[in-house]
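J.: Below are the structure tokens for one structure; questions will follow.
The values are calculated or read from the model by the stated rules, or taken from the named source; none is laboratory data. These numbers were taken from a predicted model, which means no experiment stands behind them. All Cβ positions, glycine included, derive from the backbone under ideal geometry; neighbour counts span all protein chains shown. Surface accessibility is based on the protein's heavy atoms, side chains included, excluding ligands, DNA and RNA. Shrake-Rupley method; radii C 1.70, N 1.55, O 1.52, S 1.80 Å.
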Amino acid sequence: MILVFVILGIIIFVCLIVFLFILSTLKFEIEKLHISNIEKKIKVDFILDIAVYLFNKVKLAKITIDNVKINNLITSGKLDIKKIKDNKAINKNFFRVLKNSKFKIEIFRIEGYFSTFDNVLSSSIYAIICAVIPILISKKMNGLYNNNLKFLNTNENYINVSLNCIFSVKMVNIINMLHYYYERKTEV
């Protein structure tokens, strides 16, 4: 009789853990994406935090990815950018799944300045960026949007742009996306 209660307790505990996992939220926080060519060489600084939150409040786990970790993966051969870039079927399916996903953008901040060799081109790029970005993210926006991007009136190529944003998606939606992707893969 005690063995039955122990097995029942283990089953209830596992079901509770799975239930809490399904109720949790995955947040991708781009703390720093800084692109600059101040010293005539393009430099990209990148810090991404991936965290799991329970009920969107309590942080359970966190992983930080930065330039050093990505460079180590590329140099060791574990991450092959060319193979990912050349596989058009996977990229097409990825963007289809991403378009249909139910993620929310909690914070989106873009700051900095840029210029090109032509002032008319700079103003056109500025107008397109300021018009297109809000249109693209408006359906997914659920929080703060801040655009402090400016263009300089110089006839030289400069860029100094920083991006901070937080994307959140519920685990249920991730499971649905993986299920959808698996079904599409088995159909082909």
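J.: Identify all residues within segment 138-184 that are at pLDDT 80 or above and of a type in the set (Val, Ile, Thr); write none if there are none.
T.: THR154, ILE159, VAL161, ILE166, VAL169
J.: Among the listed residues ILE84, ILE90, ILE74, identify the single one that is at negative phi, of a type in the set (A, V, I, L, M, F, W, C) and modelled with pLDDT of 70 or more.
T.: Values: ILE84 fails: modelled with pLDDT of 70 or more; ILE90 fails: modelled with pLDDT of 70 or more.
Testing whether each residue is at negative phi, of a type in the set (A, V, I, L, M, F, W, C) and modelled with pLDDT of 70 or more leaves just ILE74.
J.: Quick check on my filter: what residues within segment 111-143 are farther than 26 Å from ILE42 by Cα, outside any helix (DSSP H, G or I) and over 17 Å from the mean Cα position of the chain (by Cα)?
T.: Across segment 111-143, there are no qualifying residues.
J.: Could you identify the single residue in PHE13, PHE5, PHE55 that is touching a helix residue (DSSP H, G or I) at 6+ places or on another chain (Cβ under 7 Å) and open to solvent by 90 Å² or more (accessible area, probe 1.4 Å)? Let's see the steps before the verdict.
T.: Working: PHE13 fails: touching a helix residue (DSSP H, G or I) at 6+ places or on another chain (Cβ under 7 Å); PHE5 fails: touching a helix residue (DSSP H, G or I) at 6+ places or on another chain (Cβ under 7 Å).
PHE55 is the lone residue from the list that is touching a helix residue (DSSP H, G or I) at 6+ places or on another chain (Cβ under 7 Å) and open to solvent by 90 Å² or more (accessible area, probe 1.4 Å).
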